[in-house]
Amino acid sequence: MEPAKIFQGNIQEALNQPWPQTVDAARKIQEQLRSQVIRDDGFSTVQYVAGVDVGFEDNYRITKAAVAVLRYPSLELVERAIARIPTTFPYIPGFLSFREIPALLQALQKLNTIPDLVLCDGQGFAHPRRFGIACHLGVLLDVPAIGVAKSRLIGTHEELAAEKGSWQSLWDKEERVGAILRSRANVKPLYISIGHKISLETAINWVLRCTPKYRLPETTRLADRFASAREG
């Protein structure tokens with residue numbers, strides 16, 4: 001089957017699943033699906049990289065999801081998609097994916113360009129139950145995914161050098177769950193963790209490849225702009 005049909009089929013299957021309405025139900029899904037996360041590289045050639053992010057409108061009543069697809073290695077924007085749906089899950093740390101993924105799926109469904117790699121604005125494996133939004137989205141779509149978070153949710157690390165490209169492992173309960181990465185010299189670091197079908201070292205490498213100038217990768221920087229824009 002063509003990759004595009006597989007991708008769209010995975011989205012439709014995820015949309016057809018009943019979505020949890022309680023924290024207990026959401027936790028059970030995390031515990032059920034986390035064993036499906038693949039922590040090794042499951043891809044080769046990358047032609048398109050995507051960034052996903054979510055904003056909110058109407059006093060958080062509306063969830064607005066944005067997807068930006070960029071050509072690699074030029075990082076030229078080739079497609080973007082927006083979706084708005086009523087917000088159905090409360091803001092609870094550790095359960096971000098249940099608040100954001102329903103809208104993201106609808107935005108991803110609009111794409112004509114299928115990404116080879118997805119960078120999520122949020123955690124992946126660096127999560128109390130090892131199943132942040134990058135893991136959740138990656139497993140549902142069966143695509144390589146990386147968590148690129150602007151703040152730490154869990155873990156400890158050694159002191160980080162100021163130079164771009166410097167990184168240290170992020171540890172939780174003696175398990176390496178991610179990395180803290182300096183994506184630009186002398187600016188606040190990012191917290192990188194695997195989502196699905198990728199190793200941590202490869203994830204760090206790809207985040208740096210997609211971050212030529214600013215603190216954030218171009219993928220998530222553009223997705224954030226589109227999700228935050230009042231129009232579009």
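The values are calculated or read from the model by the stated rules, or taken from the named source; none is laboratory data. Just so you know, these numbers come straight off a predicted model, no measurement behind them. In this analysis, Cβ positions are derived from the backbone assuming ideal geometry, glycine residues included, and neighbour counts consider all displayed protein chains. Side chains included, ligands, DNA and RNA excluded: accessible areas come from the protein's heavy atoms. Shrake-Rupley method; radii C 1.70, N 1.55, O 1.52, S 1.80 Å.
Could you look through the stretch 76-106, keep only residues that are aliphatic (A, V, I, L, M) and in contact with a Lys or Arg (Cβ under 9 Å, 6 or more places away or on another chain), and pick out the one that is surrounded by the fewest Cβ atoms within 10 Å (Cβ to Cβ)?
Across the stretch 76-106, the extreme among qualifying residues is 92.
Search the stretch 156-172 for residues being of a type in the set (D, E, K, R) and within 20 Å of residue 184 (Cβ to Cβ), and hand back the single one that is most open to solvent (accessible area, probe 1.4 Å).
This residue is 159.
Is there a residue being buried (at least 21 other Cβ atoms within 10 Å of the Cβ), part of a strand (DSSP E or B) and not aliphatic (A, V, I, L, M) anywhere in the stretch 60-68?
So far as the stretch 60-68 goes, yes, one or more of its residues are buried (at least 21 other Cβ atoms within 10 Å of the Cβ), part of a strand (DSSP E or B) and not aliphatic (A, V, I, L, M).
Scan the stretch 22-59 residue by residue and report those that are charged (D, E, K, R), farther than 18 Å from residue 131 by Cα and either surrounded by 20 or more Cβ atoms within 10 Å (Cβ to Cβ) or touching a residue at least 24 places away in the same chain (Cβ under 8 Å) (or both). Give the derivation first.
Of the stretch 22-59, the ones charged (D, E, K, R) are 24, 27-28, 31, 34, 39-41, 53, 57-58.
From what is left, the residues that are farther than 18 Å from residue 131 by Cα are 57-58.
Within the stretch 22-59, just 57 meets the criteria.
Could you tell me whether the stretch 86-102 includes any residue that is over 14 Å from the mean Cα position of the chain (by Cα), closer than 24 Å to residue 218 by Cβ and assigned to a helix (DSSP H, G or I)?
No, that holds for no residue.
Farther than 14 Å from residue 138 by Cα and not small (Gly, Ala, Ser): does that describe residue 46? I'd like the intermediate steps shown before the answer.
Working: farther than 14 Å from residue 138 by Cα: yes; not small (Gly, Ala, Ser): yes.
Taking the combined requirement at face value, the residue satisfies it.
Which ones in the stretch 125-140 are hydrophobic (A, V, I, L, M, F, W, C) and surrounded by fewer than 24 Cβ atoms within 10 Å (Cβ to Cβ)?
Matches in the stretch 125-140: 139, 140.
Does the stretch 200-232 hold any residues that are of a type in the set (Gly, Ala, Ser) and either at positive phi or not in a loop (DSSP other than H, G, I, E, B) (or both), and which are they?
203, 223, 227, 228, 232 - these are the residues of the stretch 200-232 that are of a type in the set (Gly, Ala, Ser) and either at positive phi or not in a loop (DSSP other than H, G, I, E, B) (or both).
Given (1) in a loop (DSSP other than H, G, I, E, B); (2) at pLDDT 95 or above; (3) within 16 Å of the chain's Cα centre (by Cα), identify the lone condition not met by residue 135.
Of (1) in a loop (DSSP other than H, G, I, E, B); (2) at pLDDT 95 or above; (3) within 16 Å of the chain's Cα centre (by Cα), only one is false for residue 135: (1).
Do we find that residue 153 is touching a residue at least 24 places away in the same chain (Cβ under 8 Å), open to solvent by less than 10 Å² (accessible area, probe 1.4 Å), more than 17 Å from residue 48 (Cα to Cα) and over 11 Å from the mean Cα position of the chain (by Cα) in this structure?
For residue 153, the condition - touching a residue at least 24 places away in the same chain (Cβ under 8 Å), open to solvent by less than 10 Å² (accessible area, probe 1.4 Å), more than 17 Å from residue 48 (Cα to Cα) and over 11 Å from the mean Cα position of the chain (by Cα) - is not met.
Condition test on residue 145, is it open to solvent by less than 20 Å² (accessible area, probe 1.4 Å), more than 21 Å from residue 70 (Cα to Cα) and either aromatic (Phe, Trp, Tyr) or under 14 Å from the mean Cα position of the chain (by Cα) (or both)?
When the stated conditions are applied, residue 145 does not pass them.
Any residue that is assigned to a strand (DSSP E or B), polar (S, T, N, Q) and surrounded by fewer than 22 Cβ atoms within 10 Å (Cβ to Cβ) - is there at least one of those in the stretch 182-199?
Looking only at the stretch 182-199, we keep the residues that are assigned to a strand (DSSP E or B), and these are 190-196.
Subset that is polar (S, T, N, Q): 193.
Subsequent filtering for residues that are surrounded by fewer than 22 Cβ atoms within 10 Å (Cβ to Cβ) retains none.
Within the stretch 182-199, not a single residue is assigned to a strand (DSSP E or B), polar (S, T, N, Q) and surrounded by fewer than 22 Cβ atoms within 10 Å (Cβ to Cβ).
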